[in-house]
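First up is the structure itself, then whatever we jot down about it.
The values are calculated or read from the model by the stated rules, or taken from the named source; none is laboratory data. Note that this is a predicted model, so its numbers are computed, not measured. Note that we place each Cβ from the backbone using ideal geometry, even for glycine, and neighbour counts take in every protein chain shown. Just so you know, the surface numbers come from the protein's heavy atoms only, side chains and all, with ligands and any DNA or RNA stripped out. Shrake-Rupley method; radii C 1.70, N 1.55, O 1.52, S 1.80 Å.
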Amino acid sequence: MGRSRDNRRTPAAEAVVEAVEGGLAELIPDPDRARAWSLLIDGAPQSHVDLDDPAHLSFEYQRRIGHVIDLAAPPGKPVQAVHLGGGALTLARYAAATRPRSTQQVVERDAALVQLVRRELPLDPGARIRVRSADAREGLAKVPDGWADLIVADVFSGARTPAHLTSTEFLDEVRRALRPGGVYTANLADGPPLAHLRAQIATAAARFAELALIADPAVLRGKRFGNAILVASDTPLPLAELTRRAASDPHPARLEHGARLMDFTGGATPVTDTSAVASPAPPPSVFR
């Protein structure tokens with residue numbers, strides 16, 4: 001498919017609409033930023049990228065992951081990062097901008113989406129970002145043992161996290177690829193009664209010594225569907241600074257950890273490959 005004009009914007013602004021493996025992709029120009037775009041798949045917002053300012057994170061869940069990236073190593077220090085799920089490569093671009101000379105691998109199953117993003121939203125030629133079109137778990141299996149300082153999981157298929165990325169066996173692969181002291185962070189989505197989110201915390205607790213969860217208080221109370229950011233490591237996390245950053249965001253979030261986070265699981269048991277199911281689909285009202 002070719003370009004289709006977005007009549008809500010100036011005559012010079014055009015949306016890019018193209019069929020990809022995951023559905024209908026739309027790149028919508030941002031009316032407030034000259035070279036910024038939002039990526040939607042089948043109408044669901046996926047990413048926002050500002051080509052002039054890749055350190056700008058528009059989506060609240062991406063800002064929260066951005067805080068994790070900021071605190072994964074001393075400021076400006078290069079890291080070795082793996083991104084499971086690419087979208088518009090927003091978080092890989094962010095890490096490249098804030099941590100120059102970082103080496104990053106992105107695993108994105110949708111090869112057609114990768115081609116679209118590379119063509120319309122080209123990467124900085126100096127960014128050390130390798131993009132591989134593969135299933136997230138299969139791509140992760142090819143990462144050498146202990147290679148990654150940081151692993152970011154932001155994988156959705158039809159607005160749902162695939163079942164095989166929710167289990168203890170998947171987290172075993174994450175742990176294998178992380179160096180000692182490395183950080184894993186994942187974008188989780190759920191709504192009332194939060195059964196998926198509670199089970200994901202229990203699953204992470206079965207594999208990592210240190211956990212934190214960052215989310216809007218209304219999501220944590222089961223009042224609405226939304227995103228929650230899991231942070232996990234085998235060494236202590238920068239909880240005080242993560243708490244401060246989450247609370248001072250334009251959309252303030254709460255951080256839970258320790259006994260309160262374990263209480264939040266409500267006795268949920270860890271998910272295995274044999275019991276795993278995809279995360280729940282968001283209600284249509286989420287994208288209105």
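Of note:
- Among the residues of segment 90-111, not a single one is in contact with a Phe, Trp or Tyr (Cβ under 7 Å, 6 or more places away or on another chain), open to solvent by less than 40 Å² (accessible area, probe 1.4 Å) and either assigned to a strand (DSSP E or B) or touching a residue at least 12 places away in the same chain (Cβ under 8 Å) (or both).
- Test: residue 240 is open to solvent by 30 Å² or more (accessible area, probe 1.4 Å), touching a Lys or Arg at 6+ places or on another chain (Cβ under 8 Å) and modelled with pLDDT of 95 or more: no
- For segment 184-206, the candidate set comprises residues that are over 14 Å from residue 256 (Cβ atoms) and assigned to a helix (DSSP H, G or I); within that set, the residue that is least open to solvent (accessible area, probe 1.4 Å) is 203.
- Look at segment 146-170: where a residue is open to solvent by 10 Å² or more (accessible area, probe 1.4 Å) and a partner is in a helix (DSSP H, G or I) and among the basic types (Lys, Arg), sitting 6+ places away or on another chain with Cβ atoms under 7 Å, you get 164/137; 165/137.
- Identification of strands (runs of 3 or more DSSP E) wholly contained in segment 207-261 with 1 or more residues that are within 16 Å of residue 181 (Cα to Cα) yields 210-215, 226-233.
- Of 75, 45, all but one fail to be at pLDDT below 95 and either under 18 Å from residue 247 (Cα atoms) or not hydrophobic (A, V, I, L, M, F, W, C) (or both); the exception is 45.
- Residues in segment 207-219 that are closer than 18 Å to residue 59 by Cα, of a type outside the set (Gly, Ala, Ser) and open to solvent by 10 Å² or more (accessible area, probe 1.4 Å): 216, 217.
- From the options 249, 216, 190, residue that is of a type outside the set (Gly, Ala, Ser), closer than 27 Å to residue 284 by Cβ and in contact with a strand residue (DSSP E or B) (Cβ under 6 Å, 6 or more places away or on another chain): 216
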